[in-house]
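Read-outs: derived from the displayed coordinates by stated rules, not from any lab. Keep in mind the model is a prediction, meaning the values are calculated, not measured. Don't worry about glycine lacking a Cβ; one is built from the backbone with ideal geometry, like all the others, and counts go over all protein chains shown.
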Amino acid sequence: AFAKGDAPLAKGLADSLAREVRETSDAMQEVQRALRQKKQISARFPSGQANQFWQSRLEDVEAAASSGAWTNASQSLTSLTNDLATYESEAGEAKELLDFVQSEWSELRRRLDSSSITPTDESRRATEAAVNKATQALDSGQIQDCLTALGKADELLEGLRRRVV
């Protein structure tokens, strides 16, 4: 374009190339910085089966970086970190609900003991199982399963509260 005397086109093409090189360089630096902190990122992953999902996504970022696809690696990394932040927020909220239900269950358990409703009672056992299931689901990173179990536990707690009053 420059040789043909089309300076504006030559300038536009040069600017476009410079912008692309800058974007690739920025993406490369961002991904390399993040991969140096891979242990810190992995430490934020949940345990259990959910861990494999997150590890796989991080490996995809590494694979894209290894092949030189820095822009794709950067986009995958951004998606991973955003989704991880969302997961951590949801897990924090589920943990608060679980803590509340556990404290309610602890208090109600004492009242049940004084009301002669023994641990062999079917509703009491079902409530204990639902609280345990919620705890295990949260520990393994299954937020939705945890919330479902918490809903069931809350339902059972309410039924037991009515029996105590």
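Miscellaneous remarks
- Dipole magnitude for region 1-112: computed about the Cα centre from +1 point charges on Lys and Arg Cβ and -1 point charges on Asp and Glu Cβ, it is near 300 debye.
- Loop-resident trypsin sites (Lys or Arg not before Pro) (DSSP state other than H, G, I, E or B) in region 1-72 with no more than 10 further Cβ atoms inside 10 Å of their Cβ: K4.
- Tensor-based shape of the chain (alpha-carbon gyration tensor, a/c under 1.5 rounded, otherwise prolate or oblate): prolate
- MRE, 222 nm, helices only [DSSP H, n ≥ 4, -39500 (n - 2.57), over the chain, to nearest 500]: -29500 deg cm²/dmol
- Under 30 Å from K39, Cα to Cα: lysines that are on another chain or at least 8 residues apart: K95, K133
- Between region 91-124 and region 15-90, the alpha-carbon center distance in angstrom: 41 Å
- Note, ³J(HN,Hα) from phi for region 134-142, Karplus 6.51, -1.76, 1.60, rounded to Hz, x at Gly and Pro: 4, 5, 5, 5, 5, 4, 8, x, 8
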